[in-house]
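Q: Quick one: the structure is below, and I'll ask about it shortly.
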Amino acid sequence: MQYDVVVLGAGAAGMMCAFEAGKRGRRVLLLEHGERVGRKILISGGGRCNFTNVRTKAENFLSENPHFAKSALARFTPRDFIALVEKHRIKYHEKTLGQLFCDDSAKQIVAMLERECAEASVDTRCGVTVRSVRRAQASDASPGAPDASQARFVVETSAGNFACASVVVAAGGLSIPAMGATGFGYDLAREFGHTIVEPRAGLVPLVFSVADREHWCDLAGVAFEVVARAQATVEAAAKARGKAPVFREALLVTHRGVSGPAVLQVSSYWRPGGEVSFDMVPGVEVFQPLLARASGRDWSSAYAALRTVLPTRMAERWVRLRANENPGDWTNAGIARLESELHAWTLRPDGSEGFAKAEVTVGGVDTRELDARTMESQRVAGLYFIGEVVDVTGWLGGYNFQWAWASAAAAGAAA
Ligand SMILES: Cc1cc2nc3c(=O)[nH]c(=O)nc-3n(C[C@H](O)[C@H](O)[C@H](O)COP(=O)(O)OP(=O)(O)OC[C@H]3O[C@@H](n4cnc5c(N)ncnc54)[C@H](O)[C@@H]3O)c2cc1C
């Protein structure tokens, strides 16, 4: 069978790319090994799909090459995706921090992408596993097949072989193997000579050390707003070329560690051996009332002040863990030290919950070997990589889908 473009993986990026190429009159085959398309979209955003973020900037992404995403993000913006959503009369709202969600269901986004694919005559096939891709040889050309001489690749699948001029790899990363994640895209990239920036779990809960587990785990369910920051190892910080950003969002204590949006955000920057730190009471001088007077400087006053700004159980535990200390006889300096501990709760996690629980994979196909305007390989003409398989990873908040749409639109216009 002969196609112009074969797209591997029918997630967000693959579907978008398929219909963009189809609209240009390309004959497109979209292959998916799951039983249906867009499975991650269906579970995203708590079932309502946080499909973009109106504040998207290149700074909201991690990559070894921070400039790479700029071109695609500038040419397919959140506005462009919103126009598509509005064309399909899908109702949406801004939840917080520029995050747009469907009013009703993520199913609407999948249905929209399916309709666009059908209108662009994309041949979509589910339940087909792509086994390998190889360069076409003269012996692959079947006499009389249209454009047979232009076939550059043969895609070998569980449903037969397909010859094509362009292959777009949209096979995603390693996160949530239960949803079809395989690492296939990385293997394929390596076979064609590409470098892979080591994949690791991102947007993932962190696991306490043994000592911290004893101190905090029975508080599972307690949540409060923090300013979170990852203090990567010196080596990782040098690699990241710059300071990791800070996030003011909620932290949730779990049975095994910490989670919640603030923790997920810093987890993408965290490296094994590194620390994370949380300002537990951002913008508040909690112990100011103690400093203002000479008497009543004791743990019960400290607890009274603390429980006005932290959940009672957290305030109580924080005090109890220090109750044997006498902070410098409650001098101003001693109280100031307590205050600074509150603004820098520092943990050295034992690890993360891993790919089974990670929303994204950080790392992937090295962008230094891709064309930033088209996503085409600089090593192999006609081979493209888009979406999560590429070493571009967004923050929590709709940025990962915006990267999927933008990189897909770039490749769909060129493949
Ligand atoms: C629980 C959860 C919630 C999320 N919520 C949000 C959110 O609200 N907003 C946001 O921006 N991001 C969210 N994300 C991240 C977002 O889902 C991903 O970044 C995005 O789906 C990546 O799209 P993709 O098309 O590159 O990859 P995927 O969606 O992973 O698609 C890749 C496809 O390729 C298929 N495939 C793999 N190997 C093969 C093979 N050998 N043959 C054939 N097919 C193959 C897979 O089955 C899969 O369908 C969430 C992620 C998770 C896990």
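The values are calculated or read from the model by the stated rules, or taken from the named source; none is laboratory data. Bear in mind that the values here come from a model prediction, so they are computed numbers and not experimental data. Don't worry about glycine lacking a Cβ; one is built from the backbone with ideal geometry, like all the others, and counts go over all protein chains shown.
Residues are listed down the side, and each one gets a yes or a no for (1) part of a helix (DSSP H, G or I); (2) within 13 Å of the ligand (Cβ to nearest atom):
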{"position": "Leu338", "(1), (2)": "yes, no"}
{"position": "Thr346", "(1), (2)": "no, no"}
{"position": "Gly354", "(1), (2)": "no, yes"}
{"position": "Arg373", "(1), (2)": "no, no"}
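Q: Return yes when His93 is part of a loop (DSSP other than H, G, I, E, B), within 22 Å of the chain's Cα centre (by Cα) and modelled with pLDDT of 95 or more and no when it is not.
A: On the way: part of a loop (DSSP other than H, G, I, E, B): no; within 22 Å of the chain's Cα centre (by Cα): yes; modelled with pLDDT of 95 or more: yes.
When the stated conditions are applied, His93 does not pass them.
Q: While we're here: Could you please find all residues in the range 1-50 being assigned to a strand (DSSP E or B), modelled with pLDDT of 95 or more and not hydrophobic (A, V, I, L, M, F, W, C)?
A: The answer is Tyr3, Asp4, Glu32, Asn50.
Q: Report yes if some residue within the range 30-39 is surrounded by 22 or more Cβ atoms within 10 Å (Cβ to Cβ) and among the small types (Gly, Ala, Ser); otherwise report no.
A: The answer is yes; a qualifying residue exists.
Q: Just one of Ala315, Ala358, Ala381 is buried (at least 19 other Cβ atoms within 10 Å of the Cβ), at pLDDT 95 or above and away from the ligand (no atom under 16 Å from the Cβ); which is it?
A: Testing whether each residue is buried (at least 19 other Cβ atoms within 10 Å of the Cβ), at pLDDT 95 or above and away from the ligand (no atom under 16 Å from the Cβ) leaves just Ala315.
Q: Within the range 377-393, count every residue that is over 15 Å from Val365 (Cβ atoms) and either charged (D, E, K, R) or out of contact with any Ser or Thr (no Cβ under 8 Å at 6 or more places or on another chain) (or both).
A: Of the range 377-393, the ones over 15 Å from Val365 (Cβ atoms) are 381-382.
Narrowing further to those that are either charged (D, E, K, R) or out of contact with any Ser or Thr (no Cβ under 8 Å at 6 or more places or on another chain) (or both): 381.
Result for the range 377-393: 1.
Q: Test each condition in (1) within 12 Å of the ligand (Cβ to nearest atom); (2) part of a helix (DSSP H, G or I); (3) closer than 21 Å to Val392 by Cα for Arg190 and report the one that comes out false.
A: All conditions are met except number (1).
Q: Kindly evaluate Leu62 against the criterion of being more than 15 Å from the chain's Cα centre (by Cα), under 17 Å from Val389 (Cα atoms) and within 13 Å of the ligand (Cβ to nearest atom).
A: no
Q: May I ask you to list the residues in the range 117-134 that are among the aliphatic types (A, V, I, L, M) and surrounded by fewer than 13 Cβ atoms within 10 Å (Cβ to Cβ)? Lay out the reasoning, then the answer.
A: Narrowing the range 117-134 to residues among the aliphatic types (A, V, I, L, M): 118, 120, 122, 128, 130, 133.
The one that is among the aliphatic types (A, V, I, L, M) and surrounded by fewer than 13 Cβ atoms within 10 Å (Cβ to Cβ): Ala118.
Q: List the number of the failed condition for Tyr384; all other conditions in (1) closer than 29 Å to Leu251 by Cα; (2) part of a strand (DSSP E or B) hold.
A: Result: Tyr384 fails condition (1) only.
Q: For the range 157-186, give me the residue count where each residue is farther than 30 Å from Gly257 by Cβ, loosely packed, with under 15 Cβ neighbours inside 10 Å and either more than 9 Å from the ligand (Cβ to nearest atom) or among the basic types (Lys, Arg) (or both).
A: Looking only at that region, the number is 3.
Q: Specify the residue that is surrounded by the fewest Cβ atoms within 10 Å (Cβ to Cβ); the eligible residues are those in the range 327-350 that are touching a residue at least 12 places away in the same chain (Cβ under 8 Å) and either of a type in the set (Lys, Arg) or on the phi > 0 side of the Ramachandran plot (or both).
A: Arg348
Q: Please report, ordered by residue number, the strands (runs of 3 or more DSSP E) entirely within the range 239-289 with at least 1 residues that are among the polar types (S, T, N, Q).
A: 257-259, 275-279
Q: OK, next. With Lys107, Lys57 as the choices, which residue is more than 13 Å from the ligand (Cβ to nearest atom), under 22 Å from the mean Cα position of the chain (by Cα) and over 19 Å from Val360 (Cβ atoms)?
A: None of the other options fit; the residue is Lys107.
Q: State whether the residues of the range 5-13 include one that is closer than 21 Å to Ala358 by Cβ and either polar (S, T, N, Q) or more than 10 Å from the ligand (Cβ to nearest atom) (or both).
A: no
Q: Could you give every pair whose Cβ atoms fall below 7 Å, whose first residue belongs to the range 39-57 and is within 24 Å of Arg75 (Cβ to Cβ), and whose second residue is small (Gly, Ala, Ser) and more than 6 Å from the ligand (Cβ to nearest atom), counting only separations of at least 6 or pairs across chains?
A: From the range 39-57, the pairs are Ile41/Ala106; Ser44/Ala106; Cys49/Ala106; Asn50/Gly397; Asn53/Gly98; Asn53/Gly397; Val54/Gly98; Arg55/Gly98.
Q: Identify all residues within the range 74-119 that are aromatic (Phe, Trp, Tyr) and under 19 Å from Cys17 (Cα atoms); write none if there are none.
A: Phe76, Phe81
Q: Is it the case that some residue within the range 362-373 is farther than 28 Å from Arg271 by Cβ, touching a residue at least 24 places away in the same chain (Cβ under 8 Å) and either among the basic types (Lys, Arg) or surrounded by fewer than 21 Cβ atoms within 10 Å (Cβ to Cβ) (or both)?
A: Yes: the range 362-373 contains one or more residues that are farther than 28 Å from Arg271 by Cβ, touching a residue at least 24 places away in the same chain (Cβ under 8 Å) and either among the basic types (Lys, Arg) or surrounded by fewer than 21 Cβ atoms within 10 Å (Cβ to Cβ) (or both).
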